[in-house]
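J.: There's a structure below that I have some questions on.
The values are calculated or read from the model by the stated rules, or taken from the named source; none is laboratory data. All of these numbers come straight from a predicted model, not from anything done at the bench. Backbone-built Cβ (ideal geometry, glycine too); neighbour counts: all protein chains shown.
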Amino acid sequence: MYTFSYETRQINYPGPKFGRFSEKPFRRTGFVTQAEYDRMAAQNPPLRLRGIMAVGHEIANRHGELINLKVRQVDFINGMIRLDPTDTKNQQGGSGPISSEMRPILEACCWGKGPEDLVFSHEDGSSIGDFRKRLRRLLKNAGIDRHIIFHDFRRSAITNMVHRGIDRDTARAISGHKTDSVFSRYNIVSEKHVVNAVAMIEHGMQTERRIHEELCANRAQKEKLPKENDAKRSN
């Protein structure tokens, strides 16, 4: 409107000019290695924190999803954690598998509680809320001298799922991302993974060559049999 007024000479001052912000997407880079996670777990943190760490590092649940998780949402029979649509950021609900490492921790967290009780809670059943101070203390005790936030567990889980062979669609369904573009920001590709990709490429090439050689050998064998049979008949 201001530009239009200036161009139609309703005003004489063109107005201030503003620079444009870069539209490059922000790529998240925080990561918790398996060794760092194991060192933190070895410090015997409180059960509630141990459980949140296990679930966050394995199936990438968000902080808000976990501190509000209720006992009825943990399906031990089918081995699934099921989130209600109101619990998730995208309002679509979601589910994630319970691993063999997560199960005993979740069972201990749910022991003696009712369906509507919080899985990860204080002794009096109240929400654990903000546990950043406890996490910082845990990092210090584990000898990890760098800044790690809980959301780094989520990024690590997503990266690990993809790099350990889980297809992207399944990993994205577990993490609860609506779009592949946002999901990709969480999938951290290190130089080690790029180097490992070469081995996968070479393995694929060798496999395809071996299959091709086997097909050619089978074809040659099939073509050879009629000639041998004809030779036998002529003799």
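J.: In this structure, is Arg82 under 17 Å from the mean Cα position of the chain (by Cα), of a type in the set (Lys, Arg) and either surrounded by 18 or more Cβ atoms within 10 Å (Cβ to Cβ) or not in a helix (DSSP H, G or I) (or both)?
T.: On the way: under 17 Å from the mean Cα position of the chain (by Cα): yes; of a type in the set (Lys, Arg): yes; either surrounded by 18 or more Cβ atoms within 10 Å (Cβ to Cβ) or not in a helix (DSSP H, G or I) (or both): yes.
When the stated conditions are applied, Arg82 passes them.
J.: Within the set of pairs 6 or more residues apart or between chains, which connect a residue that is among the polar types (S, T, N, Q) inside segment 49-67 to a residue that is surrounded by 24 or more Cβ atoms within 10 Å (Cβ to Cβ) with Cβ atoms less than 6 Å apart?
T.: Hits for this filter: Asn61/Val55.
J.: Among what's in segment 121-180 and is among the aliphatic types (A, V, I, L, M) and in contact with a strand residue (DSSP E or B) (Cβ under 9 Å, 6 or more places away or on another chain), pick the residue that is modelled with the highest pLDDT.
T.: Filtering first and then ranking leaves Ile128.
J.: Scan the helices (runs of 4 or more DSSP H) fully inside segment 1-78 and keep the ones with 2 or more residues being modelled with pLDDT under 90 and either over 23 Å from Ser175 (Cα atoms) or small (Gly, Ala, Ser) (or both).
T.: Details: elements: 2-7, 34-41, 47-59, 63-67.
Of the helices (runs of 4 or more DSSP H) lying wholly inside segment 1-78, those with at least 2 residues that are modelled with pLDDT under 90 and either over 23 Å from Ser175 (Cα atoms) or small (Gly, Ala, Ser) (or both) span 2-7.
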